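Asker: Below you will find the structure I want to go over with you.
The values are calculated or read from the model by the stated rules, or taken from the named source; none is laboratory data. Note that the structure is a prediction, hence the values are computed from the model and not measured. Here the Cβ positions follow ideal geometry from the backbone for every residue, glycine too, while neighbour counts run over all protein chains shown.
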Amino acid sequence: MDLCLAKARSCMKTQYERSRVSELAHEVLKQKQFYYAGKPQISDAKYDAMESELRKLSPSHPVLAYVGAAPSATSPRITHDVPMLSLNKTYKVDDLHSWVGEEPIVGTPKVDGNSLSLVYEDGLLKLAKTRGDGRVGEDVTDKVFWIADCVPKLSKKLSIEVRGEVYCSAHKFAQLVEEMLERKLERPTNPRNIVAGMLGRKNHIDLCRYFNFFAFEVIGVDGLKTEMDKFEFLDNLGFSVLPHKLLKKAAEVETYLEEIKQWMDDDEIGYDGAVFSYNSLSVQSRLGNTSHHPRFKMSFKWPGLTARSKIDKIEWFPSRLGIITPVAVIEPVALSGATITNVTLHNAEHVKAYNLKRGDLIEIIRSGEVIPKFLHVVTPVEGDFDWPVKCPSCKSKLEFDGVRLKCLNSDECPAQRSGFILNWMRAVEIEDISEKRLEQMLSMGLIEAVHELYTLSVKDFLKLPATKDKMAEKLYKNIQATKKVPLAKFLNGLGIEGAGLRTWEKIIEHFPGLEAIQRITAEELVEVEGFAEKSAEQIVSGLKDRKDAIKQLLKVGVTPSVQKAKFAPGEGPLAGKQFVITGALSMPRETIEKMIREAGGKAGSAVSKNTSVLVTNEGDSSSSKMKKAKELGIPIWTEEALLTILRGV
Ligand SMILES: [Zn+2]
């Protein structure tokens, strides 16, 4: 190639790059300002792409170091003594692996909210600040007193700073929308934006009572050694903390991400990824910060692609519990290699909160393998939302319970009946009967209720389309094989709202036997650790509703079995002793607690005068449980000491 031409080309390229850099820098800064004002104009994915292009072209561009927009001139500005940096972010699990290296880390889900700093003096909340640009934030103290989780007075006279995330859950958002419309305020676009918007307002600040706060950072406390200690410390002070988990190896990261992804998408709270921190605080302080982010923290986001499309219509589907779920049929749009035509709209309350209807232009997101999710309305059309008055399956009148539309005709609604049977078949693991086959069995009148599965003969199955001798025999055998079923699976098969397999296993530990469980009261359930009053009531009333179904199942010979406990109540090597665990052990805490109970002992969550032994592998731990145990003179055992006794069982 002509040397002159080559030179000209490279010159052109740099010139192009230079103008591209300033164009990008301008746009990134502008979008940051919109974002922090609570009115983002583009999707996160688009913004991230722009920012990473800028980083590639000009890695040290000053715009990249801005954590947020400078606070508006009208609110009082407050400097952060310790800067509130943003987090280094990756979309790749491989990046996480190499960052983790050999260090134990702590993982938490990442709430899609707004960062906040609470400053306490002698235990009293004196000042609350937004993040602002990371160095200077806005004083929002008057608003924060409306947020219940922002503890106004600590149980101890400490002078500390607590940081965390303010957010608005889906249910509270719906209530907030209603109240804002009553006050003739503009309809908010989504939970994240309204939090930022409300914190920047001067009036209607009482609406901040619809927000919540998760604490994840504390500054100014001596003696904490690990990130896990920090969470325990904040928890003991009365703050809500995010679920957090200690991961000892990089290899555990992937499983952890899968685990949280499973529940995150359907949760009331909006999440947008996960955050990982090195557990050791001395490692953290050794690594320190760049001007932009701490080196000891890393956030992970699932690569999610967004798209926009118009709602063509909203369809409503009844489930096995009679809940009628809305699904938007949208104009087909391509998204991460698939053509999307349906988007779940969660529940009736959601449709109401966002005033969703035919013609609305909406933004949707698809991340990982999950079904695309509705994000927010881009351009609404005139008019009001609308929902069905009758059940699409049985035509009986629907009821709105404040969150969901429900068909109360549980005995006769065909959709609920088939949903109930399908749930049973999955729970007790009846194989080879697909949903389609079940529909055939129902429509041909072979069965009407779940217990009738067990009275079907090989002959009955031969009546099904495309079912020959061999298959009919197999179906018969598969069903009969599930007559002997573990009690937890039996109960799970009853499809009671608010209880999954793990819940039943836990209940069985305390109430071993079907009869005992059918006699439980809500009060008794609440005493079992981890049961909220509402879910206890749900479970008890669910069991009552299933009384007939249970009776019928037992009558046809279904026999739920319970593993016999090794010891009678009040016996066993740990009988009469209460154990409390602090710090990480070699097995999940739940497993060890189960072993303790099986050996006749009790597992407690806090150290008190009733505690017999504190179990820990960190003899030098400075956790509050450890301090309390030492104060009360409670014996401290290592995990090994406990296991030695348990092994002798
Ligand atoms: Zn119905």
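Asker: Restrict the check to the stretch 366-378 and report whether at least one residue is of a type in the set (Ser, Thr, Tyr) and away from the ligand (no atom under 11 Å from the Cβ). Walk me through it before giving the result.
Answerer: So the first thing to find is which residues in the stretch 366-378 are of a type in the set (Ser, Thr, Tyr), and the list is 367.
Keeping just the survivors that are away from the ligand (no atom under 11 Å from the Cβ) gives 367.
Within the stretch 366-378, one or more residues are of a type in the set (Ser, Thr, Tyr) and away from the ligand (no atom under 11 Å from the Cβ).
Asker: Still on this structure, please answer the following. Go through the residues of the stretch 414-431 one by one and say whether even a single one is free of Cβ contacts under 8 Å to residues at least 24 places away in the same chain, over 18 Å from residue 548 (Cα atoms) and in a loop (DSSP other than H, G, I, E, B).
Answerer: Scanning the stretch 414-431 turns up no residue that is free of Cβ contacts under 8 Å to residues at least 24 places away in the same chain, over 18 Å from residue 548 (Cα atoms) and in a loop (DSSP other than H, G, I, E, B).
Asker: Starting from the stretch 176-190, take each residue that is not assigned by TED's automatic domain parsing to the domain that holds residue 354 and list its partners that are assigned to a helix (DSSP H, G or I) and among the hydrophobic types (A, V, I, L, M, F, W, C), counting only C-beta distances under 6 angstrom and pairs at least six apart or across chains.
Answerer: Once the first residue is not assigned by TED's automatic domain parsing to the domain that holds residue 354 and sits in the stretch 176-190, its partners that are assigned to a helix (DSSP H, G or I) and among the hydrophobic types (A, V, I, L, M, F, W, C) give 177/353; 188/194.
Asker: Hey, another quick one. Give the residues of the stretch 411-452 that are among the β-branched types (Val, Ile, Thr) and more than 16 Å from the ligand (Cβ to nearest atom), sorted by residue number.
Answerer: Keep residues of the stretch 411-452 that are among the β-branched types (Val, Ile, Thr), which gives 421, 428, 430, 433, 447, 450.
Across the stretch 411-452, the qualifying residues are 428, 430, 433, 447, 450.
Asker: Please state which one of 202, 126, 184 is surrounded by fewer than 18 Cβ atoms within 10 Å (Cβ to Cβ) and in contact with a Phe, Trp or Tyr (Cβ under 9 Å, 6 or more places away or on another chain).
Answerer: Working: 202 fails: in contact with a Phe, Trp or Tyr (Cβ under 9 Å, 6 or more places away or on another chain); 184 fails: in contact with a Phe, Trp or Tyr (Cβ under 9 Å, 6 or more places away or on another chain).
None of the other options fit; the residue is 126.
Asker: Is the stretch 385-402 home to any residue that is touching a residue at least 40 places away in the same chain (Cβ under 8 Å) and polar (S, T, N, Q)?
Answerer: Yes: one or more hits.
Asker: Take residue 366 and tell me if it is of a type outside the set (A, V, I, L, M, F, W, C), over 26 Å from residue 109 (Cβ atoms) and either outside the structural domain of residue 253 (by TED's automatic domain parsing) or not in a loop (DSSP other than H, G, I, E, B) (or both).
Answerer: Numbers: of a type outside the set (A, V, I, L, M, F, W, C): yes; over 26 Å from residue 109 (Cβ atoms): no; either outside the structural domain of residue 253 (by TED's automatic domain parsing) or not in a loop (DSSP other than H, G, I, E, B) (or both): yes.
It is false that residue 366 is of a type outside the set (A, V, I, L, M, F, W, C), over 26 Å from residue 109 (Cβ atoms) and either outside the structural domain of residue 253 (by TED's automatic domain parsing) or not in a loop (DSSP other than H, G, I, E, B) (or both).
Asker: Sort out which residues of the stretch 379-390 are more than 16 Å from the ligand (Cβ to nearest atom) and either among the hydrophobic types (A, V, I, L, M, F, W, C) or not assigned by TED's automatic domain parsing to the domain that holds residue 351 (or both), and write them in order of number. Break it down into steps so the answer makes sense when it comes.
Answerer: Filtering the stretch 379-390 down to residues more than 16 Å from the ligand (Cβ to nearest atom) leaves 379-386.
Across the stretch 379-390, the qualifying residues are 381, 385.
Asker: I'd like to check something: does the stretch 255-265 contain any residue that is loosely packed, with under 14 Cβ neighbours inside 10 Å, of a type in the set (A, V, I, L, M, F, W, C) and away from the ligand (no atom under 16 Å from the Cβ)? Break it down into steps so the answer makes sense when it comes.
Answerer: The initial filter retains those residues of the stretch 255-265 that are loosely packed, with under 14 Cβ neighbours inside 10 Å, namely 255, 258-259, 262-263.
Keeping just the survivors that are of a type in the set (A, V, I, L, M, F, W, C) gives 263.
Add one more test, that the residue is away from the ligand (no atom under 16 Å from the Cβ), and what stays is 263.
Yes - at least one qualifying residue is present in the stretch 255-265.
Asker: Suppose we filter the stretch 433-446 for residues that are surrounded by 12 or more Cβ atoms within 10 Å (Cβ to Cβ) and either among the β-branched types (Val, Ile, Thr) or not in a helix (DSSP H, G or I) (or both); how many remain?
Answerer: 3
Asker: Only one of (1) under 20 Å from the mean Cα position of the chain (by Cα); (2) of a type in the set (Phe, Trp, Tyr); (3) at pLDDT 90 or above is not met by residue 263, so which one is it?
Answerer: (3)
Asker: Looking at (1) on the phi < 0 side of the Ramachandran plot; (2) touching a helix residue (DSSP H, G or I) at 6+ places or on another chain (Cβ under 9 Å), can you tell me which one residue 513 breaks?
Answerer: (1)
Asker: Another one. If we keep just the residues of the stretch 598-627 that are β-branched (Val, Ile, Thr) and outside any loop (DSSP other than H, G, I, E, B), which is nearest to the chain's Cα centre (by Cα)?
Answerer: For the stretch 598-627, the residue satisfying everything is 615.
Asker: Right, another one. Suppose we filter the stretch 281-306 for residues that are surrounded by 19 or more Cβ atoms within 10 Å (Cβ to Cβ) and either within 16 Å of the ligand (Cβ to nearest atom) or of a type in the set (A, V, I, L, M) (or both); how many remain?
Answerer: Of the residues in that region, 1 qualify.
Asker: Could you list, in sequence order, all residues of the stretch 451-480 that are in a loop (DSSP other than H, G, I, E, B) and charged (D, E, K, R)? Give the steps one after another, and end with the answer.
Answerer: We begin by selecting, within the stretch 451-480, every residue in a loop (DSSP other than H, G, I, E, B); these are 456-457, 463-468.
Residues satisfying the conditions are 463, 468.
Asker: Mind checking whether some residue in the stretch 524-534 is in contact with a strand residue (DSSP E or B) (Cβ under 9 Å, 6 or more places away or on another chain) and on the phi < 0 side of the Ramachandran plot?
Answerer: If we filter the stretch 524-534 for residues that are in contact with a strand residue (DSSP E or B) (Cβ under 9 Å, 6 or more places away or on another chain), which is where we start, we get 529.
Now restrict to residues that are on the phi < 0 side of the Ramachandran plot: 529.
Checking the stretch 524-534: at least one residue is in contact with a strand residue (DSSP E or B) (Cβ under 9 Å, 6 or more places away or on another chain) and on the phi < 0 side of the Ramachandran plot.
Asker: Let me ask something additional. Might you let me know whether the stretch 413-432 holds any residue that is surrounded by 15 or more Cβ atoms within 10 Å (Cβ to Cβ) and touching a Pro at 6+ places or on another chain (Cβ under 6 Å)?
Answerer: yes
Asker: Looking at 46, 30 in this structure, which one is modelled with pLDDT of 75 or more, under 27 Å from the mean Cα position of the chain (by Cα) and part of a helix (DSSP H, G or I)?
Answerer: Result: 46 is the single residue among 46, 30 that is modelled with pLDDT of 75 or more, under 27 Å from the mean Cα position of the chain (by Cα) and part of a helix (DSSP H, G or I).
Asker: While we're here: Return the residues of the stretch 88-128 that are over 24 Å from the mean Cα position of the chain (by Cα) and in a strand (DSSP E or B); say none if nothing qualifies.
Answerer: The first filter runs over the stretch 88-128 and keeps only residues over 24 Å from the mean Cα position of the chain (by Cα), leaving 98-99, 101-103, 118-128.
If the condition is that a residue be over 24 Å from the mean Cα position of the chain (by Cα) and in a strand (DSSP E or B), then 118, 119, 120, 121, 124, 125, 126, 127, 128 are the ones that fit.
Asker: Residue under question is residue 312, and the condition is that it be more than 16 Å from the ligand (Cβ to nearest atom) and either in contact with a Leu (Cβ under 6 Å, 6 or more places away or on another chain) or over 21 Å from residue 43 (Cα atoms) (or both); does it hold?
Answerer: The answer is yes for residue 312.
Asker: Could you check, for the stretch 391-408, whether at least one of its residues is more than 23 Å from residue 463 (Cα to Cα) and away from the ligand (no atom under 16 Å from the Cβ)?
Answerer: To start, the set of residues in the stretch 391-408 that are more than 23 Å from residue 463 (Cα to Cα) comprises 391-408.
Okay, now just the ones that are also away from the ligand (no atom under 16 Å from the Cβ), so 402-403.
Yes; the residues of the stretch 391-408 include at least one that is more than 23 Å from residue 463 (Cα to Cα) and away from the ligand (no atom under 16 Å from the Cβ).
Asker: Name the residue that is surrounded by the most Cβ atoms within 10 Å (Cβ to Cβ), counting only residues in the stretch 449-498 that are closer than 21 Å to residue 423 by Cβ and β-branched (Val, Ile, Thr).
Answerer: Result: 450.
Asker: Moving on to the next point. Which of the residues spanning the stretch 332-355 are more than 22 Å from residue 271 (Cβ to Cβ), out of contact with any Lys or Arg (no Cβ under 9 Å at 6 or more places or on another chain) and either assigned by TED's automatic domain parsing to the domain that holds residue 186 or not in a strand (DSSP E or B) (or both)?
Answerer: Initial filter on the stretch 332-355 (more than 22 Å from residue 271 (Cβ to Cβ)): 332-334, 337-339, 341-342, 348, 352, 355.
Next cut, out of contact with any Lys or Arg (no Cβ under 9 Å at 6 or more places or on another chain) only: 332, 334, 337, 339, 341-342, 352.
Selection gives 337, 352.
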